[in-house]
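Asker: Below is the structure I would like to discuss, written out as structure tokens.
The values are calculated or read from the model by the stated rules, or taken from the named source; none is laboratory data. Everything numeric here is computed off the predicted structure, so don't read it as measured data. Here the Cβ positions follow ideal geometry from the backbone for every residue, glycine too, while neighbour counts run over all protein chains shown.
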Amino acid sequence: MTVSPVTPSALRSIPVELSTHPYPIVIGDGALGSLGAQVQAQGFKAGTKVLVVTNPVVNSHYGATALASLRAAGYDAQLLEIDAGEDQKTPATVALIHDAAFAQKLERGSLIVALGGGVVGDMAGFAAASWLRGIAVVQVPTTLLAMVDASIGGKTGVNHPGGKNLIGAFHQPRLVLIDPQCLATLPPREFRAGMAEVIKYGVIGEGALFADLEAAGERLAAMDQLPPTLLQQILERSAAAKAKVVAADEREGGLRAILNYGHTLGHVVEALCGYGTYLHGEAVAIGMVAAGELSLELGLWSADDQRRQRQVIAAAGLPVRWPELQAEAVLACLQGDKKVRDGRVRFVLPTALGAVEIRDDVSGQQVLAALQRCS
């Protein structure tokens, strides 16, 4: 599939206002066709070596457009295909990117472009962070989940058998380029999974966004049912919400931890059910419902708020029931979470639709009681 031409006036730029590594999120239909020009605008000179990392499916739709745009701008661009399922998110796959970087003689002034979903973005970003002690990366997300979350903020990494994303680095991109037209080829299940991250923003701080999602109802479950204006708002408001949090807390020292809403328990689902059984967004959806039940257990929010959250998640076609998992395995997996501090698991828990707090005083019995109610 090719994307339509774009004019600069049709693009919206949202700044990620970091003190040392500021960069823009550029959004607009047909933006992929302007990739070369957008890279130029970030100061990369003609002749720069560029390695585009993607997967076979994304390459079949968008690889040629990306390469043509980069080469038309004068860049020495080559493409690498990698398998990009969650089970492939390993150091071994990153080594393939390193091998390609060596073969293409990437230098410290070179660039890696991540063209794909969150798995491609995480691995290409980590490869860029670790090649020659760090070279530039540009994120070009092609899934809803990557557009609203994974591509923004500089978190990169791979999984370890003991837990998700335990091996990684913070490495901010020089640019995030979002083309909504790329969603046209996204499988429906992947689109629904991305909607989980959008709902997350509504719960953690964007109450008006949650209200819009609630009003959309079951139209959230299919891209072709969403009004184009709502899709554009979803992309822009979600990107802006993440940009604001990242700018305030680049390396997750405090506030940024709220972006993990639904993820602490969602990662348990992914790890114990086997990576790939649930898509990341599906596991996050289950994790949000479970976190809501935990908030009920602690008296932090109302049963009506939990009902509304669960209803929106279900309307988006996402799972809401906790799977059958052994209690001991759940508690052990939680202790392996990378956000544990001094042996205490840190939970992001909702206090209202649009507000959350971070708690580290939750007992294992309280966790298990909450999970039992949503199983």
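Asker: Of ILE82, ILE27, which residue is among the aliphatic types (A, V, I, L, M) and within 26 Å of ALA243 (Cβ to Cβ)?
Answerer: Details: ILE82 fails: within 26 Å of ALA243 (Cβ to Cβ).
Unique residue meeting the criteria: ILE27.
Asker: Among the residues of region 281-303, how many are closer than 16 Å to VAL356 by Cα and of a type in the set (D, E, K, R)?
Answerer: So the answer is 2.
Asker: Does any residue in region 196-208 that is farther than 14 Å from ASP305 by Cα come within less than 8 Å, Cβ to Cβ, of a residue that is among the basic types (Lys, Arg) six or more places away or on a different chain, and which pairs are these?
Answerer: TYR201/ARG237; TYR201/LYS242; GLU206/ARG237
Asker: I'd like the full set of residues that are among the polar types (S, T, N, Q) and closer than 30 Å to ALA221 by Cβ, limited to region 124-155.
Answerer: At the first step, the residues of region 124-155 found to be among the polar types (S, T, N, Q) are 130, 139, 142-143, 151.
Matches in region 124-155: GLN139, THR142, THR143, SER151.
Asker: Going through region 270-287 one residue at a time, which ones are assigned to a helix (DSSP H, G or I) and either in the same structural domain as ASP83 (by TED's automatic domain parsing) or surrounded by 20 or more Cβ atoms within 10 Å (Cβ to Cβ) (or both)?
Answerer: Selection gives GLU270, ALA271, HIS280, GLY281, GLU282, ALA283, VAL284, ALA285, ILE286, GLY287.
Asker: Does region 228-236 contain any residue that is among the hydroxyl-bearing types (Ser, Thr, Tyr) and in contact (Cβ under 8 Å) with a residue 24 or more places away in the chain?
Answerer: No: zero hits.
Asker: Need the failing condition index for TYR275 against (1) closer than 18 Å to GLY168 by Cα; (2) within 15 Å of the chain's Cα centre (by Cα); (3) hydroxyl-bearing (Ser, Thr, Tyr), just the number.
Answerer: (2)
Asker: Any idea how many residues of region 159-182 are surrounded by fewer than 20 Cβ atoms within 10 Å (Cβ to Cβ) and of a type in the set (A, V, I, L, M)?
Answerer: 3
Asker: Which residues, taken from region 313-330, are surrounded by fewer than 24 Cβ atoms within 10 Å (Cβ to Cβ), under 25 Å from the mean Cα position of the chain (by Cα) and among the hydrophobic types (A, V, I, L, M, F, W, C)?
Answerer: ALA314, ALA315, VAL320, TRP322, VAL330
Asker: Can I ask one more? With the structure loaded, tell me whether ILE258 is within 25 Å of SER375 (Cβ to Cβ), within 17 Å of the chain's Cα centre (by Cα) and either of a type in the set (D, E, K, R) or part of a helix (DSSP H, G or I) (or both) or whether it fails that test.
Answerer: no
Asker: Could you please find all residues in region 318-371 being free of Cβ contacts under 8 Å to residues at least 12 places away in the same chain and either among the acidic types (Asp, Glu) or not assigned by TED's automatic domain parsing to the domain that holds ALA271 (or both)?
Answerer: Hits for region 318-371 are GLU328, ASP342.
Asker: So GLY217 passes all but one of these: (1) at negative phi; (2) surrounded by fewer than 22 Cβ atoms within 10 Å (Cβ to Cβ). Which condition number does it fail?
Answerer: (1)
Asker: Let me confirm something: among ALA327, ALA332, ALA315, ALA303, which residue is farther than 16 Å from ILE258 by Cα and either at pLDDT below 95 or among the charged types (D, E, K, R) (or both)?
Answerer: Values: ALA327 fails: either at pLDDT below 95 or among the charged types (D, E, K, R) (or both); ALA315 fails: either at pLDDT below 95 or among the charged types (D, E, K, R) (or both); ALA303 fails: either at pLDDT below 95 or among the charged types (D, E, K, R) (or both).
Residue meeting the stated conditions: ALA332.
Asker: Could you tell me how many of the residues in region 136-168 are on the phi > 0 side of the Ramachandran plot and either outside any strand (DSSP E or B) or not assigned by TED's automatic domain parsing to the domain that holds THR93 (or both)?
Answerer: 2
Asker: Right, here's the next one. For region 169-186, give me the residue count where each residue is out of contact with any Ser or Thr (no Cβ under 9 Å at 6 or more places or on another chain) and not in a helix (DSSP H, G or I).
Answerer: Summing the residues that are out of contact with any Ser or Thr (no Cβ under 9 Å at 6 or more places or on another chain) and not in a helix (DSSP H, G or I) in region 169-186 gives 2.
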